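Asker: Starting off with a structure, shown below.
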Amino acid sequence: MIPVDGSISALQWQNKELILLDQTKLPEEEVYLTCTDYRMVAEAIRRLAVRGAPAIGVAAAFGVVLGAYELLASKRDLVTDLEPVFRELAETRPTAVNLFWALARMKKVLAAGLGATPEQLAQALEKEAVRLYHEDIEANLKIGEQGAALLADGMTVLTICNTGALATVAHGTALAVIRTAVRQGKKIGVVACETRPLLQGARLTTWELMKEQIPVTLITDNMAGYLMQQGKIQAVLTGADRIAANGDVVNKIGTYTLAVLAREHGLPFYVAAPTSTIDYNIPCGAQIPIEERSGDEVTQIQGKQIAPAGVKVYNPAFDLTPTRLVTAVITERGLIRREEWEKTRA
């Protein structure tokens, strides 16, 4: 098992199996899924057993590895027959760019290994997936260091969805900033939006922070503005699923609302994400595909019907926050402030 310094980890690679913490079961149960083939990985991504842009990317990379070893065992051609594996993994979720970035990295390894034996190709793919795993941990630690300087002692930070170790390999993005600030001795409080419809804030973010004894208060999503009005929030800190070349941010539905509220109340709005989340092939956020999910996620909570059967539902999983509302994006390479995106792209 790859060590993660004792911290929570969404996924681990052990004995050519991908072990996932099933996030659909949290916080009631800690259930681990052992994925022995790429189809299991794809299904885990689709049903949000593993979620969060960085975690999805790394999981997909190991899905490719599992596909390669399956082909190797059946004496099939890796170069030709891995294409359906890439395709199925790519079709799991459309918005988070880390998924496609990680698969592109794996394809480069495959292309570079033409002429190698099938065994060598499979081993090279495994090494690349492990490299992605460790790169994510390193990036998250650096994001934490870069962002912690923005948080002053005594601050209360508002966040949405889950941007912690559960959304990455370990440590997290926005929660890595909070974790690092706390480890530096700063007293930081967190207000977590519940994050309807799937309650990632209520189920996952509070679970992570309580495990580390970081003070957290849970609110419903529509309470955020009132808390800002009362002066109880000093900064908003979120993650991102994809950032366009101009700095527009696509993140969990409700993020845009928080950005507008932060601007109204004069609060900084920070986004924490690795540079792999920046998609320089997409000029602006309006061109980023927004995933729409099943209406059952809105009309039901954990299988219990809460709305009339047959009601029409619109369920976009993400929304778009324009660059002008983002104070800075915190990456492992430093801060990108709203006025710096043209320079960054160049």
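FYI, it's all coordinate maths here, none of it is from the lab. Everything quoted here is computed from the prediction, not taken from an experiment. Cβ: placed from backbone, ideal geometry, glycine included. Neighbour counts: every protein chain shown.
Asker: Provide the packing ranking of 70-78, 214-222, 191-199, 230-238, i.e. peptides ordered by the mean count of other C-beta atoms within 10 Å per residue, highest first. Provide the component values of the computation, followed by the final result.
Answerer: Numbers: 70-78: 13.7, 214-222: 15.4, 191-199: 22.4, 230-238: 19.0.
In descending order of packing, they fall as 191-199, 230-238, 214-222, 70-78.
Asker: Going Cα to Cα from Lys127, which lysines come in below 29 Å? Please leave out same-chain ones fewer than 8 positions away.
Answerer: Output for Lys127: Lys16, Lys75, Lys107, Lys108, Lys142.
Asker: Can you give the alpha-carbon Rg of the stretch 264-327 over 2.2 N^0.38 Å, where N counts its residues? Kindly include the intermediate steps, with their values, before the conclusion.
Answerer: Numbers: Rg = 16.7 Å, N = 64, 2.2 N^0.38 = 10.7 Å.
Ratio of Cα Rg to 2.2 N^0.38 Å: 1.56.
Asker: Sticking with this structure for a sec: Just order 88-101, 56-69, 160-173 by mean Cβ neighbour count inside 10 Å, highest at the front, would you?
Answerer: On the way: 88-101: 21.5, 56-69: 27.6, 160-173: 29.6.
In decreasing order of mean packing, 88-101, 56-69, 160-173 become 160-173, 56-69, 88-101.
Asker: Roughly speaking, what % of Cα-Cα pairs in the stretch 295-346 are separated by over 16 Å, rounded to a whole number? The partial results should precede the final answer.
Answerer: Details: 812 of 1326 pairs.
Every Cα pair in the stretch 295-346 considered, those over 16 Å come to 61 percent.
Asker: Something else now. Using only Cα atoms, what is the ratio of the radius of gyration of the stretch 234-340 to 2.2 N^0.38 Å?
Answerer: Details: Rg = 15.8 Å, N = 107, 2.2 N^0.38 = 13.0 Å.
So the stretch 234-340 has a normalised radius of gyration of 1.22.
Asker: Over 24 Å apart: what share of the alpha carbon pairs of the chain falls there, rounded to a whole percent? Intermediate results must be reported in sequence, preceding the final value.
Answerer: Numbers: 32452 of 59685 pairs.
Percentage above 24 Å: 54.
Asker: How long are the three semi-axes of the equivalent ellipsoid of the stretch 1-111, in whole Å, if each is the root of 5 times an eigenvalue of the C-alpha gyration tensor, listed from largest down?
Answerer: Details: eigenvalues 109, 47, 32 Å².
Over the Cα atoms of the stretch 1-111, the ellipsoid semi-axes are 23, 15, 13 Å.
Asker: What is the Cα centroid distance between the stretch 259-303 and the stretch 73-90, reported in whole angstrom?
Answerer: 32 Å
Asker: Applying a 10 Å radius around every beta-carbon, put 322-329, 309-316 in order of their mean neighbour count, most first. Could the numbers behind the result be given before it?
Answerer: Working: 322-329: 19.8, 309-316: 9.8.
Ranked by mean Cβ neighbours within 10 Å, highest first: 322-329, 309-316.
Asker: Could I ask something else about it? If I take the Cα coordinates of the stretch 94-223 and project them onto the principal axes, what are the three extents in Å, biggest first?
Answerer: For the stretch 94-223, the Cα extents along the three principal axes come out at 58, 34, 22 Å.
Asker: Can you check what the net charge comes to around Thr205, using other residues whose Cβ is under 15 Å from the Cβ of Thr205 (Lys, Arg +1; Asp, Glu -1)?
Answerer: Values: positive: Arg51, Arg179, Arg196, Arg203, Lys211, Lys252; negative: Glu194, Glu208, Glu212, Asp221.
Every neighbour counted, the sum reads +2.
Asker: Still on this structure: If you build a Gaussian network model of the chain, linking Cα atoms that sit under 10 Å apart, which residue out of Glu128, Glu28, Glu208 swings the most?
Answerer: Largest GNM mean-square fluctuation: Glu28.
Asker: To the nearest 10 degrees, how steep is helix 97-112 against the longest Cα principal axis of the chain, on a 0 to 90 scale?
Answerer: Roughly 20 degrees between the two axes.
Asker: Return, ordered by residue number, the residues of the stretch 109-144 whose backbone nitrogen is under 16 Å from a label point located 7 Å along Cα→Cβ of Val79.
Answerer: Flagged as within label range: 109-125.
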